Amino acid sequence: MKGSLQVFKKYSPLLYDLTSRDVKIKYRRSVLGLAWSILNPLLMMIVLTTVFGHLLKVDMTTLNFPVYFIIGNTMFSFFSEATTGAMTSVIYGGSLIKKVYIPKYIFPLEKCLFSLVNLLFSMIAVVIVMLFRQVTPSWTMLLFFVPILYCFVFAVGVSLILSALTVYFRDLMHLWSILLTVWMYLTPIIYPMSLIEDATGLSGQILRTVIQINPLYYFVDYFRSVLMFGTVPGLQQNLICFGFGAVFLIIGALVFKKLQNRFILHI
Amino acid sequence: MTQQLAVQVKDVEMHFNMSKEKLESFKEYFVKLMKRQLYFEDFVALDKVSVDIPKGDVFGIVGLNGSGKSTLLKVISGILKPTKGSVTVNGSIAPLIELGAGFDMELTARENIFLNGSVLGYSRKQMKERFDEIVEFSEMREFLDAPMKNYSSGMVARIGFAIATITRPDILIVDEILAVGDFHFQEKCERRISEMMSGGTTVIIVSHAIEQIERLCKHVMWLERGKVKMIGDVTTVCNAYKES
């Protein structure tokens, strides 16, 4: 344990360098550069809230729908980008893994950090929408990093599992993109949560159960509580968020550790 | 005794499961599993290899293509885990297995120097201190801020060599890399390696250029199909190898 911490410390500059490489390459040679990280969620928000606001007949007087949407979408995009990037990271890092000794978990972890940096840039867009839609400021907004942290730990855990398995089964890349789409619709992002609460019949029952076991629902809900409703979730929700993160991180670490010695034969 | 050994390789075996074809999809995997066609061929790349390399030695490894030289180097540097046996390494290792591994061609040379330094596990401070030395040695100052994709392979190799040799590692692993660059730069590389040797660094060299091995090494190991054929001082082994 102490040994692996030392190794981590030794290679933390690498983590920093790889992340900054990704950031540099992403924005190099684009005229607007970083502005894309802000423009992209803003444009998505305008299109989707217009369409779904009308389709679902959201009552804008009781729910600040644009703010509701962009907060949820920002967090989900982070999760989706981090896991998608991470799952192929070991394969793309193959040229390095074959030639130098590097702790291999650096690669999925780096992709999660890169997405975290992007998330922080996208937060500017969230702030813009919140100012524009006149969300009442509250001290709970200072806690915005708490749900991000929970979600980050969860994303790292999922990324470790995915990146290790993808080395053996490349199909997972395609499967995961489908799963993410399904997952997005099963998380209250483009529809208000009240829609699910009011749903009747068996399908409503099933939807409610699915959302209750969906970790992302708790992260997104936490994020919205502190940013737009000025409330701090109670101990129970904190424990649930922490639990999901910790369990997946441990499973991820175990799976990765078990599979990593044979990576080199498959990349 | 072990204090004086830089590397101790003990009964190392390296097996590869060579599946006849690479199965990369679930469907293929399950179809084969159902038909019970998941056969693997056991390929032994290293078979009970044992060798002790004392500190400060210059150790050469010779053998034909596919005899397991590079596999052995990878096992020593920790890239591969041996199937059986153990490897004990005393001190830090700088692998020169392939120059410029980990360069990102989209980045500039300046950015790549720092990236590659951290790939090799150097700290930021070390890199900042040695940055000028690296640039000086590689003679690339004027192209420092050009993207690496515009470099020639010789230029890439120069920077790679300069980075890998800035610190004085306890063990330096050299795999066929002295064949890059023009003769002027090759001489410069050899000078730097001899400099390190006199500084007490243990050097492990793999090369097909037998004259180079004869010129630089003290002891040589001859590998044949993953087995140790001969270990001894440079003239005996090299003569036997040349005669075979």
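The values are calculated or read from the model by the stated rules, or taken from the named source; none is laboratory data. No experiment lies behind these values; they were computed from the predicted model shown. All Cβ positions, glycine included, derive from the backbone under ideal geometry; neighbour counts span all protein chains shown. Quick note on the areas: whole protein, heavy atoms, side chains included, nothing else; ligands and nucleic acids left out. Shrake-Rupley method; radii C 1.70, N 1.55, O 1.52, S 1.80 Å.
Per-structure values
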| read-out | value |
| --- | --- |
| Unmet requirement for B:ILE205, which otherwise passes all of (1) open to solvent by less than 10 Å² (accessible area, probe 1.4 Å); (2) in a helix (DSSP H, G or I) | (2) |
| Residue match in region B:80-102 (condition: in contact with a strand residue (DSSP E or B) (Cβ under 8 Å, 6 or more places away or on another chain), at pLDDT 80 or above, closer than 22 Å to B:LEU5 by Cα and within 8 Å of chain A (Cβ to nearest Cβ)) | yes |
| Residue that is touching a Ser or Thr at 6+ places or on another chain (Cβ under 9 Å) and either among the polar types (S, T, N, Q) or under 24 Å from B:ILE79 (Cβ atoms) (or both), where the choices are B:ASP145, B:ASP175 | B:ASP175 |
| Scope region A:171-190; condition within 14 Å of chain B (Cβ to nearest Cβ) and either crowded, with 20+ Cβ neighbours inside 10 Å or in contact (Cβ under 8 Å) with a residue 24 or more places away in the chain (or both); matching residues | A:LEU172, A:MET173, A:TRP176 |
| Scan of region A:11-58 for residues that are facing chain B (nearest Cβ under 10 Å) and charged (D, E, K, R), ordered by number | A:ASP17, A:ARG21, A:ASP22, A:LYS24, A:ARG28, A:ARG29 |
| Conditions (1) modelled with pLDDT of 90 or more; (2) farther than 22 Å from A:THR181 by Cα: number failed by A:THR74 | (2) |
| Any hit, region A:145-153, residues being open to solvent by 70 Å² or more (accessible area, probe 1.4 Å), under 26 Å from A:LEU239 (Cα atoms) and either of a type in the set (Phe, Trp, Tyr) or within 14 Å of chain B (Cβ to nearest Cβ) (or both) | yes |
| Filter result for the condition that a residue is modelled with pLDDT under 95, β-branched (Val, Ile, Thr) and out of contact with any Lys or Arg (no Cβ under 8 Å at 6 or more places or on another chain), over A:ILE128, A:ILE97, A:ILE148 | A:ILE128 |
| Sole residue being modelled with pLDDT under 85 and out of contact with any Pro (no Cβ under 8 Å at 6 or more places or on another chain), chosen from B:LEU107, B:LEU38, B:LEU72 | B:LEU38 |
| Residues within region B:66-84 that are in a loop (DSSP other than H, G, I, E, B) and either of a type in the set (Asp, Glu) or under 20 Å from B:CYS217 (Cβ atoms) (or both), tallied | 3 |
| Residues of region B:113-143 that turn out to be at pLDDT below 85, surrounded by fewer than 15 Cβ atoms within 10 Å (Cβ to Cβ) and more than 14 Å from chain A (Cβ to nearest Cβ), as a count | 2 |
| Matching residues in region A:191-204 - criterion: being open to solvent by less than 100 Å² (accessible area, probe 1.4 Å) and farther than 20 Å from A:ASP59 by Cα | A:GLY201, A:SER203, A:GLY204 |
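Results for (1) more than 21 Å from the chain's Cα centre (by Cα); (2) more than 23 Å from B:LYS55 (Cβ to Cβ); (3) in a helix (DSSP H, G or I), shown as yes or no for each residue.
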| residue | (1), (2), (3) |
| --- | --- |
| B:LYS149 | yes, yes, yes |
| B:ILE159 | no, yes, yes |
| B:ILE193 | no, no, yes |
| B:MET197 | no, no, yes |
| B:GLY200 | no, no, no |
